[in-house]
Every structure is written in C-alpha cells, then in structure tokens.
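The values are calculated or read from the model by the stated rules, or taken from the named source; none is laboratory data. Every value quoted in this text rests on a predicted model; they were computed, and no experiment measured them. Please note: Cβ atoms are built from the backbone with ideal geometry, for glycine as well, and neighbour counts cover all protein chains shown. Surface accessibility is based on the protein's heavy atoms, side chains included, excluding ligands, DNA and RNA. Shrake-Rupley method; radii C 1.70, N 1.55, O 1.52, S 1.80 Å.
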Amino acid sequence: MLANRNESTSLVDVARSLQTRVESELLRVEQMRHDAEELQATVQRDRASLEEEKRFFAAMNKESADIVRVNAGGKIFQTMRATLCQVQDSMLAKMFSGRWDESLKRDESGAVFLDVSPACFNVVLSYLRSRTFDPSAKFPDADVPSELRAEMQAFLKFMMLTEDEDDPELDGSLFTLARICGDFCGGRTWNHCNTDVHYNNKHFEDILRGVVPESTPEERCAIYCGVHWRRGTTVDPTIEVHFPTPRRVRGFKVMVARESGCRWRVLKDGLVLYSGNPFAYPGGQRLPDPKHNPRILRFHQEIVTEKLVIIIDDFQDNIGFYSVSFF
C-alpha cells in the first residue's frame with residue numbers, strides 16, 4: 001500500500017518535471033522565433049538602406065557626370081548642370097534644364113556660348129556653387145568690380161537670378177495709393193489704435209510704403225481697422241495701389257501691429273491672388289512677436305500687373321499694420 005502511494009507520488013513528480021521542461025522548451029522556441037523575426041526585420045531594413053544608398057550615389061554619379069561647358073565671353077567654364085539650375089524658375093535654370101540643349105547657341109567646340117564678361121559669369125558661378133551647399137547664400141555684390149556692376153545687374157535681371165525683395169529696381173514700396181474706402185483709423189505700431197485719428201491719402205500712403213518721417217507722432221504711425229468702431233459704412237476696408245509700370249509680383253510683406261482674426265484678399269482685375277489671414281499667429285496672441293515681422297505671403301500664382309486691390313473683411317477684432325510691400 002505504502003509502495004503504491006510512493007510510486008504514485010513519483011509519477012506525479014515526473015509528470016510535473018516533464019511539464020516544466022516542455023514549458024521551458026516552448027518559451028525557448030518562442031524566444032528563438034521572436035529573435036529570428038527581429039533579425040529578419042533588421043536584415044530587411046539594412047537591405048533597404050543599402051539600396052537607398054546605392055540609388056543616392058548612382059544619382060550623384062549621374063549628376064556629376066552631367067558636366068556642362070560654358071563659353072562666357074571667350075573663356076571656358078566647366079560645372080555641373082545642377083549647379084546652373086540652382087535658382088529655380090530662373091532663365092539660367094530653364095536654359096540648362098536639358099529641355100533646350102539642341103537650341104542653345106554653341107561655339108565651335110560645342111560649349112554653350114553666353115555673351116557676358118568672364119569676370120561677371122565667374123562671380124555668378126561662384127554664387128551658384130555656394131547655393132549647392134547653402135541654399136540661403138546671398139549674392140556676393142562686393143565681389144563685382146565697379147566697372148562691371150551695370151553689366152552684372154543687367155545679366156542678373158535677364159537671367160532672373162535677382163531676389164526681387166533686394167533688387168532696388170523692383171522696390172516693393174514703389175507704388176501709389178489710388179483708392180481707399182471703408183473705415184480705417186490711426187494708432188501706434190504696437191497694439192494701440194486711436195479711433196479719433198484719421199489720415200489723408202498722402203499720410204496713408206506714406207504708412208503703407210514705410211516712409212513715415214521719424215518725427216511723426218506715435219499715434220499716427222500705423223493703420224487699424226476692425227469691428228468695434230465702424231462708423232456706419234457697409235463697405236469693407238479696401239486699398240487699391242498702382243505701380244508706375246507693369247511689374248512682376250509674387251507676393252507681399254506686411255508689418256503687423258495687432259493680431260486678430262480677419263481675411264485679406266489681394267486681387268488683380270477680380271482674380272484672387274491671395275486669400276488668408278496674414279495676422280494669424282499660433283497662440284492667438286494680440287501682441288505680435290517682433291521675430292515674426294514682417295509676415296511674408298506668396299500669391300497663388302505669379303502675375304504681371306500695374307495695380308492691385310486689397311480687401312479686408314471677416315473681422316474677429318481690430319487688426320493693425322504699418323507697412324506693405326510687394327515682391
């Protein structure tokens with residue numbers, strides 16, 4: 001009897017031991033499966049990364065192999081096609097995009113001929129090479145010899161390599177105030193309107209163009225409009241400006257004095273070029289952070305025009321501004 005009981009206990013212990021070993025083996029197998037899946041995923045990631053690197057270097061080699069020879073005023077320059085295309089939408093980028101290779105004028109050696117002084121082209125090429133490393137690089141005006149400045153400006157303008165905002169011939173403040181309607185009042189350049197101050201057209205234009213004399217009282221340095229003090233007119237605040245000659249315009253800059261909800265629409269002959277709120281800033285603060293002035297807004301499309309109309313509506317509160325320029 002005792003022997004049978006001992007034998008039964010022994011079998012139970014064996015069974016438990018076997019069960020423990022089986023469970024341990026199952027855990028080990030599960031861990032091995034998990035490790036194998038992780039290893040496979042790592043291999044796949046490494047393989048994908050390797051393929052990406054191969055494609056990258058293949059593209060670099062292809063680009064590097066696409067070397068262009070340019071005859072600038074009798075001197076041969078060699079550079080990569082991508083370097084000449086650094087400024088998107090420029091005439092130079094369009095010329096060397098590859099689309100017009102057969103129609104480009106060439107010398108007897110096959111180099112593309114540009115009728116420009118070698119010294120001018122050398123500075124331009126150096127500038128374009130700088131942009132391949134730093135897209136924000138500025139044109140080195142100081143490197144242009146004084147006797148070549150006129151030719152350089154003409155070449156840059158023809159090749160559309162100038163930044164409109166910095167080109168004195170395209171000064172964004174060169175416009176006249178043709179018409180204003182709706183309710184505007186005066187105020188300071190920092191969140192303070194004065195409904196008792198109103199401007200004549202000349203002073204309104206000076207504020208828009210950012211040419212207000214330093215002696216101007218603070219209450220007469222900014223333009224405000226909004227919902228809390230309208231004098232009964234139903235006309236939305238509207239500003240129409242004219243340029244002295246037709247000019248290419250891509251957008252505008254505005255200096256903000258007070259932020260709030262509103263809608264600015266910029267139109268050319270009824271065509272809406274921009275519709276949005278240049279006064280909106282994340283956080284909804286009413287006092288604009290100087291770091292975010294000016295606000296730079298681009299139109300939906302580039303246009304050539306002699307006049308633009310700005311209409312302001314959908315106010316949530318008063319808004320203020322003190323300079324508008326176009327680029």
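With the structure loaded, tell me whether residue 11 is assigned to a helix (DSSP H, G or I), open to solvent by 80 Å² or more (accessible area, probe 1.4 Å) and either touching a Pro at 6+ places or on another chain (Cβ under 9 Å) or at pLDDT 70 or above (or both) or whether it fails that test. In short, no. Screening segment 285-315 for residues that are open to solvent by 70 Å² or more (accessible area, probe 1.4 Å) and aliphatic (A, V, I, L, M) and picking the one that is modelled with the lowest pLDDT gives 287.
Taken over segment 73-115, the criterion of being part of a loop (DSSP other than H, G, I, E, B), without any contact (Cβ under 8 Å) to a residue 40 or more places away in the chain and under 30 Å from the mean Cα position of the chain (by Cα) is satisfied by 85, 88, 96, 97, 98, 99, 100.
The set of residues in segment 202-211 that are open to solvent by less than 80 Å² (accessible area, probe 1.4 Å) and at pLDDT 90 or above comprises 203, 204, 205, 206, 207, 208.
Residue-wise test of (1) farther than 30 Å from residue 100 by Cα; (2) among the small types (Gly, Ala, Ser); (3) surrounded by 10 or more Cβ atoms within 10 Å (Cβ to Cβ); (4) at pLDDT 80 or above.
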| residue | (1), (2), (3), (4) |
| --- | --- |
| 32 | yes, no, yes, yes |
| 59 | no, yes, yes, no |
| 73 | no, yes, yes, yes |
| 84 | no, no, yes, yes |
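The set of residues in segment 116-147 being in contact (Cβ under 8 Å) with a residue 24 or more places away in the chain, open to solvent by less than 70 Å² (accessible area, probe 1.4 Å) and more than 21 Å from the chain's Cα centre (by Cα) consists of 116, 117, 118, 119, 120, 121, 123, 124, 125, 144, 145.
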